[in-house]
Amino acid sequence: MSTDTSSLTTDDLEFLRRPLHGFLSVAGGPLPPQPRPVWFEATAEGTIQLFTDPDSLKVRRLRRDPRASIVVAAPVGERERWLSVTGRTTVEPDGAHDLCTRLAAHYWDLDDPTRADDLAGMLAADLVRLVIHPETVRRYTH
């Protein structure tokens, strides 16, 4: 079943809280779009947030045109399910390092010294937080 709404449901948020990769596309890029895998967090307020380098190509494109979308799919071996969120995106100067720390703990085993070093390197860099404010949510569950 495929449905469209303008906001995330409780079931959507439960799905998005799993350690899945999202595929981000921003407007103003090449045609066809070139999605990139990203870590993300669904917030209690119903937004999707991620972090990135403030000088990244995606940030430059979002400053020109704030539209973005993220697609998240269930892994192979599970029943088919995907969620697509499209909306205006803001570039926030605060909260990126905290988000990075939470997401690293969500996706990695930080007791692994290699991963802990990877996180330390990420936290040493300048980061911004991207927040997608859903305007269209499409979903499919089988």
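For this structure, a couple of remarks:
- Of the candidates Arg129, Arg138, the single residue that is modelled with pLDDT of 95 or more, surrounded by fewer than 16 Cβ atoms within 10 Å (Cβ to Cβ) and not aromatic (Phe, Trp, Tyr) is Arg138.
- Of all residues in the range 72-99, exactly one satisfies the criterion of being outside any loop (DSSP other than H, G, I, E, B) and more than 26 Å from Ser7 (Cβ to Cβ), namely His97.
- Matching entry among Ala96, Ala105 (being surrounded by 19 or more Cβ atoms within 10 Å (Cβ to Cβ), of a type in the set (Gly, Ala, Ser) and at negative phi): Ala96
- Whichever residue in the range 38-69 is farther than 20 Å from Leu83 by Cα and among the polar types (S, T, N, Q) and, among such residues, is modelled with the highest pLDDT: Thr52
- Hits in the range 23-37 (condition: at pLDDT 90 or above and either out of contact with any strand residue (DSSP E or B) (no Cβ under 7 Å at 6 or more places or on another chain) or charged (D, E, K, R) (or both)): Arg36
- Spans of strands (runs of 3 or more DSSP E) in the range 1-44 with at least 3 residues in contact (Cβ under 8 Å) with a residue 12 or more places away in the chain, in contact with a Lys or Arg (Cβ under 9 Å, 6 or more places away or on another chain) and closer than 18 Å to Thr141 by Cβ: 2-5
- Selected residue (criterion: nearest to His97 (Cα to Cα)) from residues of the range 6-54 that are among the acidic types (Asp, Glu) and open to solvent by less than 70 Å² (accessible area, probe 1.4 Å): Glu41
The values are calculated or read from the model by the stated rules, or taken from the named source; none is laboratory data. Just so you know, these numbers come straight off a predicted model, no measurement behind them. We place every Cβ from the backbone using ideal geometry, glycine too, and count neighbours over all the protein chains shown. Areas reflect the complete protein model, heavy atoms only, side chains present, ligands, DNA and RNA absent. Shrake-Rupley method; radii C 1.70, N 1.55, O 1.52, S 1.80 Å.
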